[in-house]
Amino acid sequence: MAFLLRRLCFYLAAFVAAATINFFLPRLMPGDPVQIMFSSAGAELPPESLQALKLTFGFVDGPLWQQYLTYLGSIFSGDLGRSIKYFPLPVSTVLGNALVWTVGLMGTATIISFTLGTFLGILAAWRRGSLFDVIVSVGAIFATSVPAVVTSLIVVFFFGFTLNWFPTGYAADPALDPAFTLQYIGSVLYHGLLPMLTLCTVLTGGFAVTMRNNMINLLGEDYIVMARAKGLSDGHVMLWYAARNALLPTVSSLAIAIGTVLGGSLVTEVVFNYPGLGNILYQAILARDYPVIQGQLLIMTATMLVANFIVDVSYVLLDPRLKKA
Amino acid sequence: MKTNPFGLIRNRKALVGVGIIAFILLVAIAAPLLTPYDPGARVGRPHQAPSLAHWLGTTRIGQDVFTRLIYGARTSLAVGFGAGLLITIVGTALGILAGYRGGKVDEVISFFTNMVLVVPNLPLLLVLAAFIGQASPWVIALILGGTSWAWGARVTRAETLSVKQKDYVKSAEMMGEPRWRIMTFEIFPNLISIVGINFIGSVIFAIITQATLEFLGLGDPKVVSWGTMLYAAQKASALSVGAWWDILTPCFALAFLGIGLSLLNFAVDEIANPRLRTGNRLGGWSALIRSGEGRL
């Protein structure tokens, strides 16, 4: 428990750090920070709305620390301001709607590629030096050294535009109303398949390599030799003696990989015109919608911290030693 | 496995990796000799398919794609190696300092390192670049250096902790050598393989990230680089109008360079790390993981 509590405090500090960057960035730029933040608003925003926006972002009369506290106050009460491009929608609504799609896409891709990569890694390590190992290893080099944006563009070109097998935009058929019908769910799956496959291509190699590495480290251990000497079956030793222990460091590397997954899903969404955070962000960058751009950093950081915390909890569950500590 | 000290020359992965990078570097340097066109000039009709006059076709506004590709390699390589160097210097310095000094210094540096590691990198870069606005390649290199050193610092710190227990460090301490001297001349040379791997991994990361930021429209569109080529092609809907040469050319160039650097990274790890030479190939993968973790 003490371990988890310590992690929680650390995550809180990290979140405040992200908010601090948001606060100081416009104030560090040359020129008037209010002008910078809301330059794209022009005359479209009613004055009282602009006043409310300024308040949210801590532009109040008073010393800097007072402005800073005002800003932190509005963030911790869940007020991220209003989007300028999608005015009068609040930033939290705009990003919240998109987050559902991103987390769905990212979560599925992470689970699939983590499972697949781990199994490939186990088998490759078990048959080290075999043709299978070489194929997995070389495949991983290629898959992990090509940028996600490149993989996405190549996939969308071949399967979307050339072969016309898959749609190249939207999360579902725009003609359908969102509902829990078989047709709508089918459409969501059909539209999500290509971006998800792309993300899996990008991610699986990394997980496979991590698992293979950890496995090989363990294969020389005495208890593996002992298990073999006892005459246990190969599969039993591989899964219950080696893989089980090798999984632990793999899980902790998952925590670091989540940031990568987030970044990868951002560009993949832009390429596939998928209505997740990445696409919203892309539109916000083009429109210089700073409240949305700043809000996404906070939401992404929060998502990353929650994911890290889940990994921490599963680590405690997997490793009994941590429960006592 | 690899017992010869001149491994870099004999190692096939290294040879292929170095070959790819050298090829791209040569083409980038010789760019003006290889093409009669100016990378920014309109030299043909819009979106012409590849032909003898335009080897890789033309862009939406009639620029020569091949010319932009080889001039763009200059920017991508310069930013990649510049930012990679910066990331490595910051990460190595902080890692050695934290690992060797220990105590309060270590606590402060480690706290910040872990903090930077959990704040997602790309969203942070996006916010920074959005406020700077149309960031030039050098500005992108600078902000990459300022935000992406954490992984290197963590790895270097861990390695420093084991090196500082060695006898030669202890004896240098007995002789009263100043701390900075021990860190620079006793510890740093023994970390050189970690530093090298960190450097190549950072170069890969920087090239990918610069291309991503520019693809998302955060770069300076007047600069010719592989990222801005992607941005312009995507904006001109090159794929939906069938101008595949416009968008796939920078794609394959980036993939080619990424593979070259990864192969080199892999080989350096295999050769520089004595444990790998006598034992199995497992440690070679740590380089790959490192380069995989930075990718977007």
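The values are calculated or read from the model by the stated rules, or taken from the named source; none is laboratory data. Quantities reported herein were computed from a predicted structural model and do not represent experimental measurements. Counting neighbours? That spans all protein chains shown, and the Cβs are built from the backbone with ideal geometry, glycine included. Ligands, DNA and RNA are stripped out before the accessible areas are found, and what is left, the full protein with its side chains, is counted by its heavy atoms. Shrake-Rupley method; radii C 1.70, N 1.55, O 1.52, S 1.80 Å.
Quick notes on this one:
- Residue list for the range A:278-311, restricted to those being under 14 Å from A:G107 (Cβ atoms) and facing chain B (nearest Cβ under 9 Å): A:T303, A:M304
- Any hit, the range A:228-246, residues being in a helix (DSSP H, G or I), within 14 Å of chain B (Cβ to nearest Cβ) and surrounded by 14 or more Cβ atoms within 10 Å (Cβ to Cβ): yes
- Close contacts from the range A:192-221, counting a first residue that is away from chain B (no Cβ under 11 Å) and a second that is among the charged types (D, E, K, R), with Cβ to Cβ under 7 Å and a gap of 6+ residues or different chains, come to A:P195/A:E269.
- B:Q63 fulfils the conditions (1) farther than 30 Å from B:S162 by Cβ; (2) surrounded by fewer than 19 Cβ atoms within 10 Å (Cβ to Cβ) except for a single criterion, (2).
- Residues that are under 24 Å from the mean Cα position of the chain (by Cα), open to solvent by 40 Å² or more (accessible area, probe 1.4 Å) and modelled with pLDDT under 85 do occur in the range A:138-152.
- Residues within the range B:228-261 that are at pLDDT below 85 and among the hydroxyl-bearing types (S, T, Y), tallied: 2
- Checking A:N279 against (1) touching a residue at least 40 places away in the same chain (Cβ under 8 Å); (2) crowded, with 24+ Cβ neighbours inside 10 Å; (3) under 30 Å from A:F161 (Cα atoms); (4) not acidic (D, E), the condition it does not meet: (2)
- Selection status of A:S83, more than 21 Å from the chain's Cα centre (by Cα), buried (at least 21 other Cβ atoms within 10 Å of the Cβ) and touching a residue at least 60 places away in the same chain (Cβ under 8 Å): yes
- Number of positions in the range B:76-93 that are surrounded by 23 or more Cβ atoms within 10 Å (Cβ to Cβ) and within 17 Å of B:E214 (Cα to Cα): 4
- Members of the range B:133-182 found to be modelled with pLDDT under 85 and open to solvent by less than 10 Å² (accessible area, probe 1.4 Å), listed by number: B:A135
- No other residue among A:V156, A:V103 is open to solvent by 50 Å² or more (accessible area, probe 1.4 Å) and within 14 Å of another protein chain (Cβ to nearest Cβ) apart from A:V103.
- Test: B:G145 is under 30 Å from B:K222 (Cβ atoms), small (G, A, S) and in a helix (DSSP H, G or I): yes
- A single member of A:L50, A:L105 is at pLDDT 80 or above and of a type outside the set (F, W, Y), and it is A:L105.
- Some residue of the range B:215-222 being in a helix (DSSP H, G or I), in contact with a helix residue (DSSP H, G or I) (Cβ under 6 Å, 6 or more places away or on another chain) and more than 8 Å from every other protein chain (Cβ to nearest Cβ): no
- Scanning the range B:16-58 for residues that are over 22 Å from B:L257 (Cα atoms) and of a type in the set (S, T, Y) yields B:Y37, B:S51, B:T58.
- When B:R157, B:R179 are checked against the criterion of being farther than 17 Å from B:L85 by Cβ, over 26 Å from the mean Cα position of the chain (by Cα) and in contact (Cβ under 8 Å) with a residue 12 or more places away in the chain, a single residue qualifies: B:R179.
- Filtered residue count, the range A:3-30, keeping only those that are farther than 14 Å from B:V127 by Cβ and open to solvent by 60 Å² or more (accessible area, probe 1.4 Å): 7
- Those helices (runs of 4 or more DSSP H) of the range A:1-86 in which 2 or more residues are within 14 Å of chain B (Cβ to nearest Cβ) and within 25 Å of B:I132 (Cα to Cα) occupy A:2-28, A:33-38.
- Boolean, B:F131 is assigned to a helix (DSSP H, G or I) and in contact (Cβ under 8 Å) with a residue 40 or more places away in the chain: no
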